[in-house]
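What follows draws every value from the coordinates through simple rules; no lab data is involved. Every value quoted in this text rests on a predicted model; they were computed, and no experiment measured them. Here the Cβ is made from the backbone with ideal geometry for all residues, glycine too, and neighbour counts use every protein chain on show.
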Ligand code: SAH
């Protein structure tokens, strides 16, 4: 049976990354393909001499021509294999349930399911099928999810740009159960948020920032204990108020939040109300952060803590230089707005900017600001977005917790 599967043979010397268990096979590494595999079908991957390397999902149109399911020859990629790996992924997140009901249940390559995202918001699952391989096994994946989760429904948000690169059409539809409500209420570290899974960013919420919002909460709490007053904070690119509410609930006295999206700010205001916070206690500013930071600088505003969590400035390697200038600009201006002993939580979610480069960009901003700055901690995504050590490209979310001396 196995021997009848299509075979993808690599060019001589192109097996090195696979031998290190890096799961992507670029089209430029492919020598020949036999057996006419269809989109998403399993292929046997061998080196140029015919030695087995991996079982992979074939992706005829993508620059990543195949994504490895496994490097073990004896494994059989079938519905049972899919069930087993979905089950394992869900089980691995059990420890998070006491903190929140917004959890990433499946995270692509890290869960041996390249291109599959499954998030759960209070039992409503939201999926993204971002590769031909998981698209091929879509029905089996849905069945496995319903079996392992007791979910209320599965809503598919396969509308990310990555699908176009795979030659797959964008798709938004209900896959199982009743249609999701207009807004789903979630709770994370005792803060409540509304999530719109139909049109919200990603699958609706930035689940990946959970630990960093918890850090923001505890920094506000500690500050109040030590100084006997609440922090004055600025949250830039606030979206639906994730960090803003964590800071407020932690004890910040004044929270100014900036975002360019009126819709996001509207949800943020509803979120404040949901947490019993009076609308007047927080300021929501609809503006461009780049301009607003300059304005505050000219007005000589000062803050005890600033959060910078911008959108992905570099969508690919071609945009790295421009993105680096943008990151430097906002970080430089934010540093100038901090009080002595002020803290900066600064992030980049651009996969094309690796952690070293991000740190260098921020060091450049520190130098230009003529500030003396300590790096207290490196930050990243939560444990439901684990980094597969053989796929360093997966480290897209990077953050630094800085202290201005
Ligand atoms: N920190 C948030 C997520 C931020 S997402 C959380 O934890 O939930 C990035 C946000 O930046 C989006 O809401 C988007 O509307 C906003 N945005 C993008 N460009 C902007 C700009 N130039 N000025 C202000 N907001 C911007």
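Label the range 206-404 by shape, choosing from rounded, prolate and oblate, from the square roots a ≥ b ≥ c of the eigenvalues of the Cα gyration tensor; if a/c is under 1.5 it is rounded, and otherwise prolate applies when a/b is larger than b/c, oblate when it is not.
Note, shape of the range 206-404 comes out rounded.
Return the FRET efficiency for the residue pair residue 283, residue 170: r is the Cβ-Cβ distance, R0 is 45 Å, and the value is rounded to the nearest 0.05.
After rounding, the FRET efficiency stands at 0.80.
Among 384, 111, 321, which one shows the highest mean-square fluctuation when the chain is modelled as a Gaussian network with alpha-carbon springs under 10 Å?
321
Would the range 225-295 count as rounded, prolate or oblate if I go by the C-alpha gyration tensor, calling it rounded below 1.5 in a/c and otherwise prolate when a/b exceeds b/c, oblate otherwise?
Oblate shape, in that a/c is at least 1.5 and b/c is the bigger or equal ratio.
So for 217, 129, fewest C-beta neighbours within 10 Å to most, what's the order?
Ordered by Cβ neighbours within 10 Å, fewest first: 217, 129.
Just to be sure I understand: with springs between alpha-carbon atoms less than 10 Å apart, which residue in 343, 359, 128 has the highest mean-square fluctuation in the Gaussian network model of the chain?
359
May I ask you to list the residues of the range 370-405 whose amide nitrogen lies under 17 Å from a point 7 Å from Cα along the Cα→beta-carbon direction of residue 148?
Inside the label zone: 383-388.
Among rounded, prolate and oblate, which fits the range 2-70 when a ≥ b ≥ c are the square roots of the eigenvalues of its C-alpha gyration tensor, a/c under 1.5 means rounded, and a/b larger than b/c means prolate?
Verdict is rounded for the range 2-70.
Give, as ranges by residue number, the residues of the range 282-311 whose backbone N falls under 15 Å from the point 7 Å along Cα→Cβ of residue 269.
The answer is 282-287, whose backbone nitrogens lie closer than 15 Å to the label point.
Expected output is a single nm value to one decimal: the length gained when fully extending between residue 315 and residue 20, i.e. 0.36 nm times separation in residues minus the C-alpha distance. What is it?
103.5 nm
So if each residue of separation counts as 0.36 nm, and I subtract the Cα-Cα distance between residue 367 and residue 301, what length gain in nm does that give?
Gain in length upon complete extension: 21.7 nm.
What is the order of 183, 269, fewest Cβ neighbours within 10 Å to most?
269, 183
Taking 7 Å along the Cα-to-C-beta vector as the label spot, tell me the residue 383-residue 340 distance in nanometres, rounded to one decimal.
Spacing of the two 7 Å Cα→Cβ label points: 4.0 nm.
What is the fewest-to-most order of 368, 341, 208 by other Cβ atoms lying within 10 Å of their Cβ?
So the residues, fewest neighbours to most, are 341, 368, 208.
Using 1/(1 + (r/R0)^6) with R0 = 35 angstrom and r between the beta carbons of residue 11 and residue 95, what's the FRET efficiency to the nearest 0.05?
Working from the Cβ atoms, E equals 0.20.
Between the range 294-326 and the range 50-112, how far is it from one alpha carbon centroid to the other, in angstrom?
If you average the Cα positions of each part, the centres end up 35 Å apart.
Would you calculate, for the chain, the mean residue ellipticity at 222 nm contributed by helices, counting each DSSP H stretch of 4 or more residues as -39,500 (n - 2.57) and dividing by all residues, to the nearest 500?
Helix contribution divided over all residues of the chain: -9000 deg cm²/dmol.
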